[in-house]
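A.B. asks: Have a look at this one.
Bear in mind that the values in this text are calculations on the coordinates, not laboratory data. Since the model is a prediction, treat every value here as computed from it, not as a measurement. Please note: Cβ atoms are built from the backbone with ideal geometry, for glycine as well, and neighbour counts cover all protein chains shown.
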Amino acid sequence: MSIISAPESGDNSSNHEALRSDHRLYGLAINNNLAMNNDLSPALTEPSWLTPCFGVQLSKACAQAFSTMKTSAASDGIDLMPCSGYRSFERQLTIWNNKARGLRPLLDANEQPLNYCDLTDDELVDTILLWSALPGASRHHWGCDVDVYDAATLDVKQLQLVQSEYNAGGPCAKLSEWLAQHAHEFGFFLPFQQGLSGVSPEPWHISYAPESTLLLRQFSSHALYQVLSQHDICLKAAILPKLEHIVAHYVRKIAPIPASLRLNNGPNG
Ligand SMILES: [Zn+2]
């Protein structure tokens, strides 16, 4: 079974059929190291749904929309660049385990550093989830979510992906305003916003709604449970008992999709 094989929320069967027939979903499952249908042809084991896009990997539809948006942003003096696109299960697992072992800084909801040794396992899980997704549950696995910055104002090596960079006066403030006004014209929206998402606000994270809306509907917490059970993930004993809550709060709870991007059906569509 794949992580996206079992729709759980209000849905539309024709959309699911369209997705099942898209070998990108199989690529998604394979690239996330998940068990999958036995009848997969070897040709479908290639992640051919991904394409290079300004230094990252994105789905073809997302890359095309991104390139069009980049051209439009450039005419307004913004050098829209991606700094993170598709991310594998293994990469997310490394990020998670490093944070869980105290090898990467831990920040609270106000971006203030926390002392690793002061936290119980439950608190550690909740803290990591403020800023990092569970492996298998990251929107970056989907290839249609992108972290962006303005390369006209700062070098990627200086970029920290913190709110102050995107707030008024920050190097990416103009980009942030531009995205709020124009991203929807190209199919993108910002899923992580103050008070609207379980994940902390990420003004750098944009999502290509025509694909991510359907993928979120296909997401299965049951499949995620199985995947995590089979992998060597730190804090597993603290994660699995509350996985349903984690998925509801950190995966499904996102900012509303702009009206112009909504599909004709479903609660998020
Ligand atoms: Zn992101």
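A.B. asks: Does region 142-158 include one or more residues that are away from the ligand (no atom under 14 Å from the Cβ), touching a strand residue (DSSP E or B) at 6+ places or on another chain (Cβ under 7 Å), within 14 Å of D79 (Cα to Cα) and part of a helix (DSSP H, G or I)?
C.D. replies: No: zero hits.
Every residue, every condition in (1) within 14 Å of the ligand (Cβ to nearest atom); (2) at negative phi; (3) in contact with a Lys or Arg (Cβ under 6 Å, 6 or more places away or on another chain), yes or no:
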{"residue": "L50", "(1), (2), (3)": "no, yes, no"}
{"residue": "A65", "(1), (2), (3)": "no, yes, no"}
{"residue": "S75", "(1), (2), (3)": "no, yes, no"}
{"residue": "D79", "(1), (2), (3)": "no, yes, no"}
{"residue": "R87", "(1), (2), (3)": "yes, yes, no"}
{"residue": "T94", "(1), (2), (3)": "no, yes, no"}
{"residue": "G102", "(1), (2), (3)": "no, no, no"}
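A.B. asks: Further question on the same structure: Test of understanding: among V251, V227, which residue is within 16 Å of the ligand (Cβ to nearest atom) and over 20 Å from F66 (Cβ atoms)?
C.D. replies: Just a single option satisfies the conditions, and that option is V251.
A.B. asks: Right, something else. Return the only residue of A255, A223 being buried (at least 16 other Cβ atoms within 10 Å of the Cβ) and under 24 Å from P82 (Cα atoms).
C.D. replies: Testing whether each residue is buried (at least 16 other Cβ atoms within 10 Å of the Cβ) and under 24 Å from P82 (Cα atoms) leaves just A255.
A.B. asks: Additional query: When region 227-247 is examined, which residues are found to be touching a Ser or Thr at 6+ places or on another chain (Cβ under 9 Å) and touching a residue at least 24 places away in the same chain (Cβ under 8 Å)?
C.D. replies: Within region 227-247, A238, I246, V247 qualify.
A.B. asks: How many residues are within 21 Å of C53 (Cα to Cα) and touching a Pro at 6+ places or on another chain (Cβ under 6 Å) when one looks only at region 76-105?
C.D. replies: 2
A.B. asks: Applying the selection to region 96-127, what residues are without any contact (Cβ under 8 Å) to a residue 60 or more places away in the chain, within 20 Å of Y250 (Cα to Cα) and assigned to a helix (DSSP H, G or I)?
C.D. replies: Correct list: N98, K99, E123, D126, T127.
A.B. asks: While we're looking at this one, here's another question. Can you tell me which residues in region 193-224 are touching a Ser or Thr at 6+ places or on another chain (Cβ under 7 Å), assigned to a loop (DSSP other than H, G, I, E, B) and of a type outside the set (G, A, S)?
C.D. replies: P203, the sole residue that qualifies.
A.B. asks: Any chance you could count how many residues in region 169-192 are in contact (Cβ under 8 Å) with a residue 60 or more places away in the chain, in a helix (DSSP H, G or I) and hydrophobic (A, V, I, L, M, F, W, C)?
C.D. replies: Qualifying residue count, region 169-192: 4.
A.B. asks: To continue, here is another question. Out of region 128-141, which residues are touching a Ser or Thr at 6+ places or on another chain (Cβ under 7 Å) and either assigned to a strand (DSSP E or B) or among the small types (G, A, S) (or both)?
C.D. replies: Hits for region 128-141: nothing passes.
A.B. asks: Sticking with this structure for a sec: Report whether or not A133 is more than 14 Å from the ligand (Cβ to nearest atom) and in contact (Cβ under 8 Å) with a residue 60 or more places away in the chain.
C.D. replies: Taking the combined requirement at face value, the residue does not satisfy it.
A.B. asks: Would region 162-180 turn up any residue that is surrounded by fewer than 22 Cβ atoms within 10 Å (Cβ to Cβ), within 14 Å of the ligand (Cβ to nearest atom) and more than 27 Å from L216 (Cβ to Cβ)?
C.D. replies: Checked against the condition, which is being surrounded by fewer than 22 Cβ atoms within 10 Å (Cβ to Cβ), within 14 Å of the ligand (Cβ to nearest atom) and more than 27 Å from L216 (Cβ to Cβ), region 162-180 yields no hits at all.
A.B. asks: Which one is surrounded by the most Cβ atoms within 10 Å (Cβ to Cβ), of the residues in region 73-113 that are out of contact with any Ser or Thr (no Cβ under 7 Å at 6 or more places or on another chain) and β-branched (V, I, T)?
C.D. replies: That would be I78.
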